[in-house]
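Chemist: Submitted below is the structure of interest, expressed as structure tokens.
The values are calculated or read from the model by the stated rules, or taken from the named source; none is laboratory data. Bear in mind the structure is a predicted one, so any value in this text is a computation, not a measurement. Here the Cβ is made from the backbone with ideal geometry for all residues, glycine too, and neighbour counts use every protein chain on show.
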Amino acid sequence: MARKFYIEDNVSSGEPSIKFELTKPSGFTEITDADTIKELYLIQYKYRIKDGKEWLLSFTSDRYIDVLNGVYTDAEVFALETHIKDLQEQLNNGCWLTAQNTNSSLGVSGIYTKSMKDEIQATIDSYVAENY
Amino acid sequence: MGKLVITTENGSTLGNPASGEFYIFIDSNNSNKYTLRNSAGSDTILGGAVSGDMLASTYDPTGVAQDVYNYANALGLTQIPTSQIREYTESGGVSVDFDDYDPTTYNVHFLNPGSHDRDFTGIVAPSAGVNRIVVIINSGTNKKLKFKHNDSGSAAANRIMLANNSDFDLTKGASVQFIYNHTEDRWYTYTYY
């Protein structure tokens, strides 16, 4: 969980490629310029925000369908939204690492059961492993 | 839109129209002149012989008049021949990406990523001096074509440059056009819907 940016060596023509990887790919050199790194992280956070919003939309849609199908009641889902408010906000802002800690330390309550908590945790853990 | 067809007739044998009607014809009995004849049989010469400036090959040698009645042509729209459209479904496993995608002679590509999201890292570059625009449409159901900015998954000259150096996802039904830049040796986004 400490990816770095690497720039392609000896590209035959045009702009070199940049990779965000855990280890240095063959034919690439680590980028050390602070301004470039900041610029590249800004792009990464845009991806993280987009992915967080998509996950949240999917999660919210699933709960709404659960209500329609009689799996949960309106009141249970409203209570869930209140309980995981911080988690939702963090994912909506692309802060997956923060959300990882938030979900991990959040107690079970109502329909936020251990099963649901573990499922969310697995999704976040996987995302963090692949993108941080 | 209907057509008015004027044919060649022999004015000496054509006869006369009914009362209140007129014939317009090319009179082979009078040097192929455009002729108006009334029901009394009186002729009025409307124009020169058919070999003159009324001949389509003379007044409209490139068929522009016909284009006026063709909606697409009149608007200057390109009509894409079927031979330029390709439909392709990728059926490979999750790790199969679109690297160095070869558009061959097709300009419009309906690409179905199949059952997995697919990274798309590049398109085979056109030969030097050949300008190309390639259209890609995600014709799949619910999987994405994930376009990767300047990604080394494709050969340098085949890579795609995306706005703000950012990757983007092409979802179901969305389309993007790329144009090749021979100075930068890269494809650039032309339009994105």
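Chemist: Residues being closer than 17 Å to residue A:54 by Cα and either in contact (Cβ under 8 Å) with a residue 40 or more places away in the chain or surrounded by 20 or more Cβ atoms within 10 Å (Cβ to Cβ) (or both): count how many of those fall in the range B:170-180.
Modeler: Selection size over the range B:170-180: 1.
Chemist: Moving to a separate point now. If only one of A:74, A:51 is over 25 Å from residue B:169 (Cβ atoms) and out of contact with any Ser or Thr (no Cβ under 8 Å at 6 or more places or on another chain), which one is it? Write out each step before concluding.
Modeler: Values: A:51 fails: over 25 Å from residue B:169 (Cβ atoms).
Exactly one of A:74, A:51 is over 25 Å from residue B:169 (Cβ atoms) and out of contact with any Ser or Thr (no Cβ under 8 Å at 6 or more places or on another chain), namely A:74.
Chemist: Take residue B:67 and tell me if it is in contact with a helix residue (DSSP H, G or I) (Cβ under 7 Å, 6 or more places away or on another chain), at pLDDT below 95 and surrounded by 14 or more Cβ atoms within 10 Å (Cβ to Cβ).
Modeler: Details: in contact with a helix residue (DSSP H, G or I) (Cβ under 7 Å, 6 or more places away or on another chain): yes; at pLDDT below 95: yes; surrounded by 14 or more Cβ atoms within 10 Å (Cβ to Cβ): yes.
Taking the combined requirement at face value, the residue satisfies it.
Chemist: Report whether or not residue A:72 is farther than 20 Å from residue B:164 by Cα, surrounded by 16 or more Cβ atoms within 10 Å (Cβ to Cβ) and more than 20 Å from the chain's Cα centre (by Cα). Full working, then the answer.
Modeler: Details: farther than 20 Å from residue B:164 by Cα: yes; surrounded by 16 or more Cβ atoms within 10 Å (Cβ to Cβ): yes; more than 20 Å from the chain's Cα centre (by Cα): yes.
Spelling it out, residue A:72 is indeed farther than 20 Å from residue B:164 by Cα, surrounded by 16 or more Cβ atoms within 10 Å (Cβ to Cβ) and more than 20 Å from the chain's Cα centre (by Cα).
Chemist: Follow-up question, since we're still on this one. Looking at (1) within 14 Å of chain B (Cβ to nearest Cβ); (2) hydrophobic (A, V, I, L, M, F, W, C); (3) surrounded by 13 or more Cβ atoms within 10 Å (Cβ to Cβ); (4) more than 22 Å from residue B:164 (Cβ to Cβ), which one does residue A:57 not meet, given that it meets all the others?
Modeler: With (1) within 14 Å of chain B (Cβ to nearest Cβ); (2) hydrophobic (A, V, I, L, M, F, W, C); (3) surrounded by 13 or more Cβ atoms within 10 Å (Cβ to Cβ); (4) more than 22 Å from residue B:164 (Cβ to Cβ) applied to residue A:57, the lone miss is (3).
Chemist: So, one more: Output the residues belonging to the range A:106-132 that are loosely packed, with under 15 Cβ neighbours inside 10 Å and over 17 Å from the mean Cα position of the chain (by Cα).
Modeler: Of everything in the range A:106-132, those that are loosely packed, with under 15 Cβ neighbours inside 10 Å and over 17 Å from the mean Cα position of the chain (by Cα) turn out to be A:107, A:108, A:109, A:113, A:114, A:115.
Chemist: Report yes if residue A:94 is assigned to a loop (DSSP other than H, G, I, E, B), within 21 Å of residue B:160 (Cβ to Cβ) and in contact with a helix residue (DSSP H, G or I) (Cβ under 8 Å, 6 or more places away or on another chain), otherwise no. Talk me through it step by step, then tell me what you get.
Modeler: Details: assigned to a loop (DSSP other than H, G, I, E, B): yes; within 21 Å of residue B:160 (Cβ to Cβ): no; in contact with a helix residue (DSSP H, G or I) (Cβ under 8 Å, 6 or more places away or on another chain): yes.
So residue A:94 fails the test.
Chemist: On to the next question. Within the range A:35-52, is even one residue basic (Lys, Arg), more than 10 Å from chain B (Cβ to nearest Cβ), touching a Gly at 6+ places or on another chain (Cβ under 6 Å) and more than 22 Å from residue B:187 (Cα to Cα)? Break it down stepwise before answering.
Modeler: We begin by selecting, within the range A:35-52, every residue basic (Lys, Arg); these are A:38, A:46, A:48, A:50.
Then drop every residue that is not more than 10 Å from chain B (Cβ to nearest Cβ), which leaves A:38, A:48.
Among the residues that remain, those that are also touching a Gly at 6+ places or on another chain (Cβ under 6 Å) are: A:48.
Applying the additional criterion that residues be more than 22 Å from residue B:187 (Cα to Cα) yields A:48.
Yes, that holds for at least one residue.
Chemist: Another question, if that's okay. Within the range B:122-162, restricting attention to residues that are touching a helix residue (DSSP H, G or I) at 6+ places or on another chain (Cβ under 8 Å) and crowded, with 20+ Cβ neighbours inside 10 Å, which residue is nearest to the other protein chains (Cβ to nearest Cβ)? Step through it out loud before you land on a result.
Modeler: Going residue by residue through the range B:122-162, those that are touching a helix residue (DSSP H, G or I) at 6+ places or on another chain (Cβ under 8 Å) are B:122-125, B:149-150.
The next check asks that each one be crowded, with 20+ Cβ neighbours inside 10 Å; those that pass are B:122-123, B:125, B:149-150.
Numbers: B:122: 10, B:123: 14, B:125: 10, B:149: 8, B:150: 5 Å.
Only one residue fits best here, namely B:150.
Chemist: Of the residues that make up the range A:16-35, is at least one assigned to a helix (DSSP H, G or I) and farther than 19 Å from residue B:152 by Cα? Outline the logic, then answer.
Modeler: Quick first cut of the range A:16-35, residues assigned to a helix (DSSP H, G or I) only: A:34-35.
Then drop every residue that is not farther than 19 Å from residue B:152 by Cα, which leaves A:34-35.
Checking the range A:16-35: at least one residue is assigned to a helix (DSSP H, G or I) and farther than 19 Å from residue B:152 by Cα.
Chemist: What are the pairs with Cβ atoms under 9 angstrom where one residue, in the range A:15-29, is more than 11 Å from chain B (Cβ to nearest Cβ) and of a type in the set (Lys, Arg) and the other, located anywhere, is exposed (fewer than 14 other Cβ atoms within 10 Å of the Cβ) and in a strand (DSSP E or B)? Sequence gap at least six, or different chains.
Modeler: So the pair list comes out as A:24/A:30.
Chemist: Right, here's the next one. Answer with yes or no whether residue A:79 is in a helix (DSSP H, G or I) and farther than 30 Å from residue B:167 by Cα. First the steps, then the outcome.
Modeler: Details: in a helix (DSSP H, G or I): yes; farther than 30 Å from residue B:167 by Cα: yes.
Yes.
Chemist: Next question, about the same structure. If I ask for residues that are away from every other protein chain (no Cβ under 12 Å), outside any loop (DSSP other than H, G, I, E, B) and more than 24 Å from the chain's Cα centre (by Cα), which ones from the range B:163-192 would you list?
Modeler: We begin by selecting, within the range B:163-192, every residue away from every other protein chain (no Cβ under 12 Å); these are B:170, B:172-179, B:189-192.
Next, only the ones that are outside any loop (DSSP other than H, G, I, E, B) stay: B:170, B:175-179, B:189-192.
The answer is B:170, and nothing else.
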